[in-house]
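Structure, as structure tokens:
The values are calculated or read from the model by the stated rules, or taken from the named source; none is laboratory data. In this text the structure is predicted, and so the values were computed from the model without any measurement. Cβ sites come from the backbone with ideal geometry, for glycine too, and all protein chains shown count toward neighbours. The protein model used for the area step is the full one, side chains on, heavy atoms only, and it has no ligands, DNA or RNA in it. Shrake-Rupley method; radii C 1.70, N 1.55, O 1.52, S 1.80 Å.
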Amino acid sequence: MSKIVKTEAIVLSKLNYSDTSKIAHFYTKDFGKISGILKGGRNKNSKIGGMVDPLNILEIVFYQKENREIQIVSNAELIAFHPLIREDFDRMKFSYAIIELVNFLTIESEVNFRLFNGIKKILQNMNSSGENPSILYLRFFVFIMHESGFELQLKVCTECNNEIKSSDINGFNYEKGILCSECSKDHLISVKLSRELFDLLICLKSGKKILSYDEMLIKSAIKFSENYLQHHHHEYKGSQSLKLE
């Protein structure tokens, strides 16, 4: 038996289904990630079909039925469109990379209010903040790793438990975590963390705003993030959005 429910939803992706319909993936406030069919959504006159677009934040109405993989979405109202993201290629690219992460790391119907609010906030910042979009992406990466149970632990060495000093060249093992400069000499490391990269990661975890940055350092941080996720989720093949030029 189904019931009519209403919730806020962030559109993660959509695809055509049959000659007349579309299927979309949403991350919702009250029901977690769901899939929904938009009957008649491919019709050029369909209000809901045009509104359900990745990055949009909506209020959707759907017929909820437990154990049904795809819910039937009957109505939607636009809450946020993020026009400035759509006018800037870099903001668009990194925003799509964010919703890729959400789609990959979340489980169907698992509710997480903190994550929902975090996605809304990062998209709002992408649309309005003066901060570089690549840094906003990295900030979200650190956040969603924490929410997924794979937080980057950078305070103490995983071998000797001594406090990590940013003045040292520390190592990082994707399986174990961070290693101090001394333990790095005797253990396998996946990557050397320069002082600059370590300080950037600490800054991202603290939530401090970063107004000045080095392009090569940001690229190194993104590569580190991608490799970290690939190690913990072998099915992850890297962000397709970040490969766009």
If a/c stays under 1.5 just call it rounded; otherwise compare a/b with b/c (prolate if a/b is bigger, oblate if not). Do that for the stretch 44-112, with a ≥ b ≥ c from the square roots of the Cα gyration tensor eigenvalues. oblate
Using modelled backbone amide H atoms (1.01 Å from N, in-plane), which distant-in-sequence or interchain residues come within less than 5 Å of residue 156's amide H? 164
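Per 0.36 nm of contour for each residue apart, how much would the distance between residue 168 and residue 53 grow if the chain were fully extended, relative to their Cα-Cα spacing? Display every interim value, and only then the final one.
Details: separation 115, 0.36 × 115 = 41.40 nm, distance 4.61 nm.
Going from the current span to full extension adds 36.8 nm.
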Long-range tail of P(r) for the chain (Cα pairs > 22 Å, %): 58 percent
So what J values fall out for the stretch 76-81 if you push phi through Karplus, 6.51 cos²θ - 1.76 cosθ + 1.60 with θ = phi - 60°, rounded to Hz, Gly and Pro as x? 8, 10, 6, 9, 8, 10
With r defined as the distance between the Cβ atoms of residue 107 and residue 37 and R0 fixed at 22 Å, what FRET efficiency is calculated, to the nearest 0.05? 0.65
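Would you please report the Å³ per residue occupied by the convex hull of the alpha carbon atoms in the stretch 114-219?
102 Å³
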Tensor-based shape of the stretch 150-195 (alpha-carbon gyration tensor, a/c under 1.5 rounded, otherwise prolate or oblate): rounded
Using 0.36 nm per residue of separation minus the Cα-Cα distance, give me the extension gain between residue 208 and residue 86 in nm, one decimal. 41.3 nm
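Rounded, prolate or oblate: which fits the stretch 54-184 when a ≥ b ≥ c are the square roots of the eigenvalues of the alpha-carbon gyration tensor, with rounded for a/c under 1.5 and prolate only if a/b beats b/c?
Working: a/c = 3.56, a/b = 1.75, b/c = 2.04.
Judged from the Cα gyration tensor, the stretch 54-184 comes out oblate (a/c at least 1.5, b/c at or above a/b).
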Taking 0.36 nm per residue of sequence separation and subtracting the Cα-Cα distance, how much length would be gained by fully extending the chain between residue 75 and residue 147, in nm to one decimal? 22.9 nm
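Mean residue ellipticity at 222 nm from the helices of the chain, using -39,500 (n - 2.57) per DSSP H segment of n ≥ 4 over the full residue count, to the nearest 500 deg cm²/dmol? Spell out each step's value before the answer.
On the way: 7 runs with 87 residues, N = 245.
One gets -11000 deg cm²/dmol as the mean residue ellipticity at 222 nm.
When ligands, DNA and RNA are left out and all protein chains stay put, how many square angstrom of accessible area per residue does the chain have with a 1.4 Å probe?
Numbers: 12990 Å² over 245 residues.
Heavy-atom SASA per residue in the chain reads 53 Å².
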Counting only protein heavy atoms and using a 1.4 Å probe, what share of the accessible area of the chain belongs to carbon plus sulfur, as a whole percent? 49 percent
Given backbone amide H placed at 1.01 Å from N, residues whose amide H is under 5 Å from that of residue 193, ignoring those fewer than 5 places away on the same chain, are 170, 171, 172
Using alpha carbon centroids, what distance separates the stretch 206-240 and the stretch 89-134, in Å? 14 Å
Quick one: what are the phi-derived ³J(HN,Hα) couplings along the stretch 194-200, Karplus 6.51/-1.76/1.60 with θ = phi - 60°, whole Hz, x for glycine and proline? 5, 4, 5, 5, 4, 4, 5
Please work out, to two decimal places, the log10 of the ratio I(q)/I(0) at q = 0.16, 0.18, 0.19, 0.24 Å⁻¹ from a Debye calculation in which every Cα of the stretch 103-170 carries one identical scatterer. -0.73, -0.83, -0.87, -1.05
Which parts of the stretch 102-117 would a label at residue 243 reach, counting a residue when its backbone N lies under 17 Å from a point 7 Å out along Cα-to-Cβ? 104
Using θ = phi - 60° and the Karplus curve 6.51 cos²θ - 1.76 cosθ + 1.60, what whole-Hz ³J(HN,Hα) does each residue of the stretch 155-160 get, with Gly and Pro shown as x? 7, 10, 5, 6, 9, 9
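Mean separation of Cα pairs under 8 Å and 6+ residues apart, divided by the residue count of the stretch 118-194: what relative contact order is that in percent? Working shown, then result.
Values: 85 pairs, mean separation 15.6, N = 77.
Relative contact order of the stretch 118-194: 20 percent.
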Round to the nearest 10 and report in Å² the accessible area of residue 241, as given by a 1.4 Å probe over the protein chains' heavy atoms. 10 Å²
Which residue, 230, 96, 5, has the largest displacement toward the positive end of the dipole of the chain when charges sit on each Cβ (Lys, Arg +1; Asp, Glu -1)? 5
